[in-house]
Every structure is written in structure tokens, then in C-alpha cells.
Amino acid sequence: IWRQKAIDCAPELKEEFEEPDLSLYTVFMELLPLLRQAHIDKNDERIKKVYDFAEWCFRQKDENLWNPAGVSFYEHLADTDETFSQFTKWIKKDIYVDIRDLLNQRVEDDKMKMLDNFYGFKQPKTKT
């Protein structure tokens, strides 16, 4: 089912996405540059399909679906200005809270503070 959803996001990659040994990690790495271009082109239809696909994968109970969405998609959204600038428009708060640690390993402090402020994320207080 994930293959068909991926093909719906990028019909031009249908043949590649139908390859039997294709991993979902690869699918997300293929979708990221398409998503970046869709942001540049303001192609909201494609943008919505890609984010909906990532969210669908992320919300599944199967680690083979949610893990690739986290490590091969969500944590890379801060890699380009085009996707990072639209992050808060497309990523729901509960997903942000779940992926925050992944992002924190890759994203500069000022960007993390901006995201934390937007989502109302408070760091747990640590005992000194």
C-alpha cells in the first residue's frame, strides 16, 4: 500500500517505486528534492500529497514505515531553506514533538528555538 501512496506523490517515479527491492528510505530520499521543487513552484497539490504520505507512514505501527519517515524525511526538512521555511505550515505539533530529538541533532540552535517557540515546546527542567 505504501508503494501506491508513494507513486501518487510522484507518478513520474512509478517504475522506480515499483522495484521489488526498493526501500522506503530510498523513496523518501527521492521525494525530498521533488518536495523542495514543489515549494519553489508553489505546487500545493504535490506538497500536500508528500506531507500526507509522510504523515501516514509516520503514524503506522510498523517500524518499517514510521522509522523511514522520521530519519529519511522529517529530519531532512531543515536541510534546505525551501522546506524549512514551510515546516510549521505542514508539520503538526504531535509529529514535531515526536521528531524533535532527530531534528535537534541536525538543526542549528536558533532554528530549533524558533520551532520550539512556534509549537510551544518547553524543555523539561533538569535538576542541577
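The values are calculated or read from the model by the stated rules, or taken from the named source; none is laboratory data. A quick note: this is a predicted structure, and the numbers were derived from the prediction, not measured. For neighbour counting, all protein chains shown are included, and Cβ atoms are generated from backbone atoms with ideal geometry for every residue, glycine included. All accessible areas refer to the heavy atoms of the entire protein, side chains included, with ligands and DNA or RNA removed. Shrake-Rupley method; radii C 1.70, N 1.55, O 1.52, S 1.80 Å.
Remarks
- Segment 1-23: number of residues that are in a helix (DSSP H, G or I), without any contact (Cβ under 8 Å) to a residue 60 or more places away in the chain and hydrophobic (A, V, I, L, M, F, W, C): 5
- Of the residues making up segment 75-115, those that are within 14 Å of ARG36 (Cβ to Cβ) and either part of a helix (DSSP H, G or I) or among the basic types (Lys, Arg) (or both) are HIS76, ASP81, GLU82, THR83, PHE84, PHE87, TRP90.
- Among the candidates GLN60, GLN86, the residue that is free of Cβ contacts under 8 Å to residues at least 12 places away in the same chain and closer than 22 Å to VAL27 by Cα is uniquely GLN60.
- Restricting segment 24-60 to residues that are under 21 Å from ARG100 (Cβ atoms) and assigned to a loop (DSSP other than H, G, I, E, B) leaves a set whose member that is most open to solvent (accessible area, probe 1.4 Å) is ARG59.
- Given (1) of a type outside the set (S, T, N, Q); (2) within 17 Å of ARG3 (Cα to Cα); (3) at pLDDT below 95, number of the condition LEU32 does not satisfy: (3)
- Number of the condition not met by ASN104 [criteria: (1) open to solvent by 40 Å² or more (accessible area, probe 1.4 Å); (2) polar (S, T, N, Q); (3) at pLDDT 95 or above]: (3)
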